[in-house]
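Structure first, commentary second.
The values are calculated or read from the model by the stated rules, or taken from the named source; none is laboratory data. No experiment lies behind these values; they were computed from the predicted model shown. With ideal geometry, Cβ positions are generated from the backbone for all residues, glycine too; neighbour counts draw on all protein chains shown.
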Ligand code: AMP
Ligand code: GLY
């Protein structure tokens, strides 16, 4: 099988990594990929989606997998499908579940899928009235994509009103903030769950937990995610079934009803409040770094899973996972998440301990290659992944690998998976 992966992060590296080890896969392409994906396949520097689809036709690509949300909300899936290509991801219409928070919240309300109480509005007066009806903290969200920065948890009514005013005036997020959501604050623990969907059937992957804040103890600014682990013991079979029946299934039925059947990865940001899963948000792609720890847990060949998901055959697949745990620790560059950092050479020490070498690996993200060397070029640079029979063993192995990886300015959290280990 000839497979192309769209994207350039650690998420795409980790999908490529399992496909590289899959005997069904003969060729792997990354568009555009990063400085390390060339270890797995060929990087393709085509930005225009029509040209990329043409490349896929000419190179007889059997399956394209889309990593990030940008190409999905831009409609890359529609462009590929118009040419008869097989591609795994939602259509532009279905990608609105992530592209517009207003669309998502109204969808959840329409199909009675549990979510925080909210209003969506473009009018400051309505927003203020609803804010006055809530107790702080109060959550304010811009409608459109804001690179993960469009959510404000306001600690007072005044702070919530300032956030709303700045969004509605276009000051904080431009057009993305001209409609807002104001919603009640949910107090619980947060999970990431992923359903691979083919429009009618789905496979729910083991539950993961991300660590969004930069610093240990969930302090400091929000990031794209500083580490993750799975499966988490914070989800038992009862919660898992509730997520399937109350969230995923009605979402697939609802999207069929809306005329935009959902194909691709449905990423459900969940808050567990008193044992009940409440939908915080949907994304229409894998989480990063969650993908990096879920891919190595997959026992079913990834090519089969993604191909069947992309061709409406999930009902014929009996998916299997290794009975193991995975922990991923992100190493970020010095100025993350605020600014770029000076490129720094990455040095990975040789690992002599077989047990560590065999149960750990690196998923590369913000890296470039030059003269046979890898350089950290910013943001989240790489993820050190450890596997084990317990979360503790997987975490210890991941941190041992972290100790072998060096670049100037590297930063990482030292407490990934703490909620599962306390
Ligand atoms: P979102 O982009 O909607 O996932 O929001 C980003 C983060 O804000 C989430 O991962 C949560 O940690 C937090 N958040 C969003 N909505 C709420 C809410 N209603 N209550 C509590 N925390 C929230
Ligand atoms: N790790 C969270 C995300 O990918 O949005």
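For the residues 275, 254, the requirement of being surrounded by fewer than 22 Cβ atoms within 10 Å (Cβ to Cβ), more than 13 Å from ligand 1 (Cβ to nearest atom), modelled with pLDDT under 95 and more than 19 Å from the chain's Cα centre (by Cα) singles out 275.
Identification of strands (runs of 3 or more DSSP E) wholly contained in region 107-208 with 1 or more residues that are within 16 Å of ligand 2 (Cβ to nearest atom) and modelled with pLDDT of 95 or more yields 189-198.
Any residue at all in region 230-241 that is in contact with a helix residue (DSSP H, G or I) (Cβ under 8 Å, 6 or more places away or on another chain), outside any loop (DSSP other than H, G, I, E, B) and touching a residue at least 60 places away in the same chain (Cβ under 8 Å)? Scanning region 230-241 turns up at least one residue that is in contact with a helix residue (DSSP H, G or I) (Cβ under 8 Å, 6 or more places away or on another chain), outside any loop (DSSP other than H, G, I, E, B) and touching a residue at least 60 places away in the same chain (Cβ under 8 Å). Hey, any hits in region 264-275 for a residue that's more than 16 Å from ligand 2 (Cβ to nearest atom), touching a helix residue (DSSP H, G or I) at 6+ places or on another chain (Cβ under 8 Å), closer than 23 Å to residue 228 by Cβ and in a loop (DSSP other than H, G, I, E, B)? Yes, region 264-275 has at least one match.
Could you please let me know if residue 294 is within 15 Å of residue 97 (Cβ to Cβ) and within 14 Å of ligand 2 (Cβ to nearest atom)? Against the criterion (within 15 Å of residue 97 (Cβ to Cβ) and within 14 Å of ligand 2 (Cβ to nearest atom)), residue 294 does not qualify.
You will find that of 19, 52, 28, the residue that is modelled with pLDDT of 95 or more, part of a helix (DSSP H, G or I) and in contact with a helix residue (DSSP H, G or I) (Cβ under 7 Å, 6 or more places away or on another chain) is 19 and no other.
Return yes or no: is residue 3 under 25 Å from residue 312 (Cβ atoms), touching a residue at least 40 places away in the same chain (Cβ under 8 Å) and more than 16 Å from ligand 2 (Cβ to nearest atom)?
Values: under 25 Å from residue 312 (Cβ atoms): yes; touching a residue at least 40 places away in the same chain (Cβ under 8 Å): yes; more than 16 Å from ligand 2 (Cβ to nearest atom): yes.
For residue 3, the condition - under 25 Å from residue 312 (Cβ atoms), touching a residue at least 40 places away in the same chain (Cβ under 8 Å) and more than 16 Å from ligand 2 (Cβ to nearest atom) - is met.
The set of residues from region 318-333 being surrounded by fewer than 23 Cβ atoms within 10 Å (Cβ to Cβ) and either touching a strand residue (DSSP E or B) at 6+ places or on another chain (Cβ under 7 Å) or not in a loop (DSSP other than H, G, I, E, B) (or both) comprises 319, 321, 324.
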